[in-house]
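Single-structure report; data block below.
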Amino acid sequence: MLISWFRLDVTAAERPRFDTGMKLWSSLQEAEGFLGRLGGWDQEGRACVFTLWRDVGALRLFRRRQSAALLERTGLGPWFEGRMPGLIEVLLPIPGLCTTTASLLQRGRMLRMVSAQADPREELRILEEQASVWKPALSRSPGMLGAYFGSSMEEPGHYFGASIWASKEDLRRWSEEGYRACIEAARRVEFQPAREGLKVTLDPEWTVQRPSWNRQAAG
């Protein structure tokens, strides 16, 4: 699985236009290999867009065949054209309250993303720690819907954790309590993602799901 993500500067005057455009991306669901999209505004007022793809080939096919037409139709070209998203290869999915991606997309209200640098030669040990310490702690944390741990495809040794939450209060509790407990339990104390990280208030109207998931939800 692949995550592509953008963090964009949008002025206060441009926000209504940007917001309207983000609500017009329903045809994205027709892209081969598309798994879902979430987005909203972070704590610094930047627009963040987080998209799940089957693999990098699916993303490249979308950019080659459909991206230009979508940007023209939505009026979002000034923000997206000529910009490459950050690409994260998912190394470890972390289950939460949601058992399906459809449910995660529907219920997500906050997105937290953290990162840390480490020697890529230590990746196996890092993954072992993620699986033994961070994964169980996140999975049992109240309001944690689902999470992903992965590595940057552009910068070797740059690792990311992305988690989706049911509410701001659930995320606040994790940031203040759960994170600290994991740091204390982790063996590799030199590999520590930031406690605060990027916090995005998700806009449900920016969410795009695959058509099959929409039908399942309706049924």
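The values are calculated or read from the model by the stated rules, or taken from the named source; none is laboratory data. Everything quoted here is computed from the prediction, not taken from an experiment. Every residue, glycine among them, receives a Cβ derived from its backbone with ideal geometry; neighbour counts consider all protein chains shown.
With respect to the conditions (1) within 30 Å of residue 20 (Cβ to Cβ); (2) in contact with a helix residue (DSSP H, G or I) (Cβ under 7 Å, 6 or more places away or on another chain); (3) buried (at least 19 other Cβ atoms within 10 Å of the Cβ), residue 149 lacks only one, and its number is (1). Can you find a residue in the range 10-28 that is at positive phi, of a type in the set (Gly, Ala, Ser) and either in contact with a Ser or Thr (Cβ under 6 Å, 6 or more places away or on another chain) or at pLDDT 95 or above (or both)? Within the range 10-28 (the criterion being at positive phi, of a type in the set (Gly, Ala, Ser) and either in contact with a Ser or Thr (Cβ under 6 Å, 6 or more places away or on another chain) or at pLDDT 95 or above (or both)), the answer is no, since none of the residues qualifies.
Out of 38, 97, 91, one residue alone is surrounded by 16 or more Cβ atoms within 10 Å (Cβ to Cβ), in a loop (DSSP other than H, G, I, E, B) and modelled with pLDDT of 95 or more. It is 97. Of the numbered criteria (1) touching a residue at least 24 places away in the same chain (Cβ under 8 Å); (2) among the charged types (D, E, K, R); (3) assigned to a loop (DSSP other than H, G, I, E, B), the one residue 44 fails is (1). What residue, among those in the range 133-160 that are hydrophobic (A, V, I, L, M, F, W, C) and part of a helix (DSSP H, G or I), is farthest from residue 110 (Cα to Cα)? Checked the range 133-160; the qualifying residue farthest from residue 110 (Cα to Cα) is 133.
In a residue-by-residue description of the range 152-160, the property of being surrounded by 18 or more Cβ atoms within 10 Å (Cβ to Cβ), modelled with pLDDT of 90 or more, closer than 17 Å to residue 198 by Cβ and in contact with a helix residue (DSSP H, G or I) (Cβ under 8 Å, 6 or more places away or on another chain) applies to at least one position. Of all residues in the range 186-219, those that are surrounded by fewer than 16 Cβ atoms within 10 Å (Cβ to Cβ), modelled with pLDDT of 85 or more and not charged (D, E, K, R) total 2.
Scanning the range 161-185 for residues that are of a type in the set (A, V, I, L, M), part of a helix (DSSP H, G or I) and either surrounded by fewer than 21 Cβ atoms within 10 Å (Cβ to Cβ) or more than 16 Å from the chain's Cα centre (by Cα) (or both) yields a count of 3. Filtered by the rule that a residue be of a type in the set (Ser, Thr, Tyr) and touching a residue at least 24 places away in the same chain (Cβ under 8 Å), the range 51-70 gives a lone residue, 51.
Going by the conditions given, is residue 33 in contact with an Asp or Glu (Cβ under 8 Å, 6 or more places away or on another chain) and over 18 Å from residue 164 (Cβ atoms)? In short, yes. Somewhere in the range 115-128, is a residue under 26 Å from residue 159 (Cβ atoms), assigned to a strand (DSSP E or B) and either of a type in the set (Asp, Glu) or touching a residue at least 60 places away in the same chain (Cβ under 8 Å) (or both)? Looking through the range 115-128, at least one residue is under 26 Å from residue 159 (Cβ atoms), assigned to a strand (DSSP E or B) and either of a type in the set (Asp, Glu) or touching a residue at least 60 places away in the same chain (Cβ under 8 Å) (or both).
Among the residues in the range 61-68, are any part of a helix (DSSP H, G or I), over 12 Å from residue 208 (Cβ atoms) and either of a type in the set (A, V, I, L, M) or in contact with a helix residue (DSSP H, G or I) (Cβ under 6 Å, 6 or more places away or on another chain) (or both)? Yes, the range 61-68 contains a residue that is part of a helix (DSSP H, G or I), over 12 Å from residue 208 (Cβ atoms) and either of a type in the set (A, V, I, L, M) or in contact with a helix residue (DSSP H, G or I) (Cβ under 6 Å, 6 or more places away or on another chain) (or both).
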